[in-house]
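**Q** Before anything else, here's the structure in question.
Just so it is clear, none of the values below were taken in a lab; they were calculated from the coordinates. Keep in mind that this is a model prediction, so the values were computed, not measured. Note that we place each Cβ from the backbone using ideal geometry, even for glycine, and neighbour counts take in every protein chain shown.
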Amino acid sequence: MRKRVVVSTSLRNAGVEPHLLDVDELPRKYPIMETSEYLQLDGYHFAAPTSLSVGSGLVLSEGTEAETTELTQETVEPKQLKIMAKPDRLLTQAALAAVKQAGLTDSDLKTDTGIYVTTGYQTGFGEFALPAARSFTRGSDTQDSELETNYWADFAKAVTESVNPRFLFASIDSPLFHVSKALGIQGPSVIMSPSAAQWFQVLRAAWRDLKDGKVRFALLCATAEMRSTLSRLQNARMNPSELRTPVDTATCMVLRKGTAPGRIARISLRRTRHPHSNFGELGSVPELNADAGPVTPSLAILLSLKNSGAKEIHLTRIDHDGALAVQVSRR
Amino acid sequence: MRQRVAITGLGIVSAIGNCVNEFADSLFAPKAGIHPITLFNTKGFPVKSAAEIRNFGPFTYPDRKVAYAARAITEAIAQSFGENGVPREKVTVLSLGLKHNFVSFPEMVSANFITIGPDECAQQISKAAGIQASPWIYTAACTASTVAIGTAARAVADGEIDVAIAGGTSSCVSPEWLLTYALMGALNTDANCAAETACRPFDRNRTGMILGEGAGFLILERESSARARNAPVLARICGFGSSLDAYHVSDPCPDGAGALSAMNAALKDARINPEDLSAINAHATGTLKNDSAEAAAIRRLLDGVSHETPVFATKPFTGHLLAASGAVETIAVVSCLTQQKLHPTLNLVDVASDCKLNHVLKNRHLPLRYILKNSFGFGGQNACMVLEKGDSLDE
């Protein structure tokens, strides 16, 4: 029996306020299309999640992904290794493994490959600088009096003394740099953040470049450190009723334009109308009870492929102008 | 691009003007927007100058960039669609270039307040500007808004969407951001330097960038659609390309290889050759390494073709708006195309030996058809766009 997985990103994650969505107003201009074009998935990998429990239906523990490529001085330059924050490390690890699995050569990578990344909230710099900031607690009503003091001069002094400038580059877009540097990729790129909704747009950007012949291969990447202090605070503030077990993880898939049934799987992308999605099925996807942020859609695909049960994976992003559906069929 | 993409509306908030007309007037006056910082007390602080927004407020939202974006989007939509706004049946996206969210440390620790993240920022902008649009949020450092515009233009050209409200917004004139960039060694922190001349791209005495704030947005749609509703075609986006240096986390590849690759990709996408370019709007931050690498890349692009292609830079007027810089500078390019003249690169007095190009030192009137817009960012991210002139004002 075919197992079918449907994932709908929440409206809030899609960046659309619920009151803006009126199903009756959805344009009817996007009929459900037959998919005649597709991409094929040549390699994939997900870096080991660092949470022991991912939902109720599946347990992953650190290190269980046996194919993990350790980041060592043989794979990444020592200088680069030193300035990597966790999302950088996870994604670079995933990308190295996926590229190896797909069998891409150095000449394939240089300019024939693009990198398309979704990242979570910026965490690296914040984590590094937080200790310095803690000594500068102030109330929200002190702005006027600041003007009469050396407050910002003292702040600058404290931060300068305690923060290593190297770490300032650990930011939301640094995973893109680290993958490009580690693999020598000089092709086009797109990086978006911070939610699962943006993953669909990144996929579409990769799709567009492959279809237009701008690249032969696309590294579809996602990485997020959902367990960091800053991510937890931000998520708690934004989605207090939707808290799930956070996981830190990254995924990388190697895509190329398909002319034959895919080596691993094939991915189709289509615009559909709203009824094609189904919020009700969210609860039946135990693998995704964990919150992997922007990595969630690709994690759904890869977990399903890895578990071998799924022949068909169907991801839908709801938007106020319709739905963007991604269908993955295992070969 | 498969179909011609028209720019039918512009909106801006910048240190040299809080609407497009005021902005363009300042460009050609020419009048810089970089001044001593007034937003906080800089006594003992390492950075003294920035391009702040003046005569703006009050702020309804705690994050200033939301207010800047809302104002700019409102102006752009009004120019393109009038007071009724974007018709609801149009499939519309808000393609947004943002710097990553930055925690306002003291407030977070004491009041549990976090400066809003990119997704929340997009929501608030949509709400403040009264638009219903899917957010596409690009966080590609200093190329973010150029990528936001370029990829949105491709989606418009391919018929995926009807209308793109594309651009970027930034409110990085804050102690935290200024200190971050000062620690990185990217800012001009010379206390003896007059604010108005502190940003000196391509000059022998350049010492770093000056941060600015503001927002710039463009309305993009297929030219056929714009013509059908008699909308103004202010300019066209006809090519976009991006590349990665894969070289260094902050420094550009010295020979400009990555930048050259992105420029060539944009020209190829536009189906034009380097000799077709009327001018190049440089990224030109005023840092030693960026300007040198960009000049090398431009010389390589024009090698054997024409070394007379004029090169001009906008940051001495507006400061560096980081993620929003590409959008604001694209509006400067459209202003040049519309008025058929180039604004000068301010403060360029003594051209550095490694930055020799045909620099524009004062307003230059000339026939302009295609202008290449460059944006380069930390991590070796490069994005370039080709713009073509639209309808003449007297057509």
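**Q** Set the Förster radius R0 to 25 Å, insert the Cβ-Cβ distance between B:Asn363 and B:Asn21 as r into 1/(1 + (r/R0)^6), and round the FRET efficiency to 0.05. All intermediate terms of the calculation are to be shown ahead of the outcome.
**A** Values: r = 17 Å, r/R0 = 0.67.
Rounded to the nearest 0.05, the efficiency is 0.90.
**Q** Let me ask something else. From the mean inverse distance of alpha carbon pairs (Kirkwood) and the Cα radius of gyration, derive Rg over Rh for the stretch B:237-389.
**A** Value, to two decimals: 0.92.
**Q** Using Cβ counts within 10 Å as a stand-in for footprinting exposure, how do B:Tyr181, A:Tyr121 rank, fewest first? If you can, show how the numbers build up before the last one.
**A** Working: B:Tyr181 20, A:Tyr121 29.
Sorted ascending by nearby Cβ count, the order is B:Tyr181, A:Tyr121.
**Q** Using a simple spin-label model with points 7 Å from Cα along the Cα→Cβ vector, what separation in nm is obtained for B:Lys289 and A:Lys110?
**A** According to this spin-label approximation, the distance is 2.3 nm.
**Q** Provide the gained length on full extension for the span B:Asn273 to B:Met184, in nm with one decimal, where the gain is 0.36 nm per separating residue minus the Cα-Cα distance.
**A** 28.3 nm
**Q** If we count other beta carbons within 10 Å of each Cβ, what is the order of B:Phe59, B:Phe317, A:Phe217, fewest first?
**A** Working: B:Phe59 12, B:Phe317 30, A:Phe217 24.
Lowest count first: B:Phe59, A:Phe217, B:Phe317.
**Q** Taking the dipole about the Cα centre of chain B, with the C-beta of Lys and Arg at +1 and of Asp and Glu at -1, give me whichever of B:Gly390, B:Pro46, B:Gly150 is farthest to the positive side.
**A** B:Gly390
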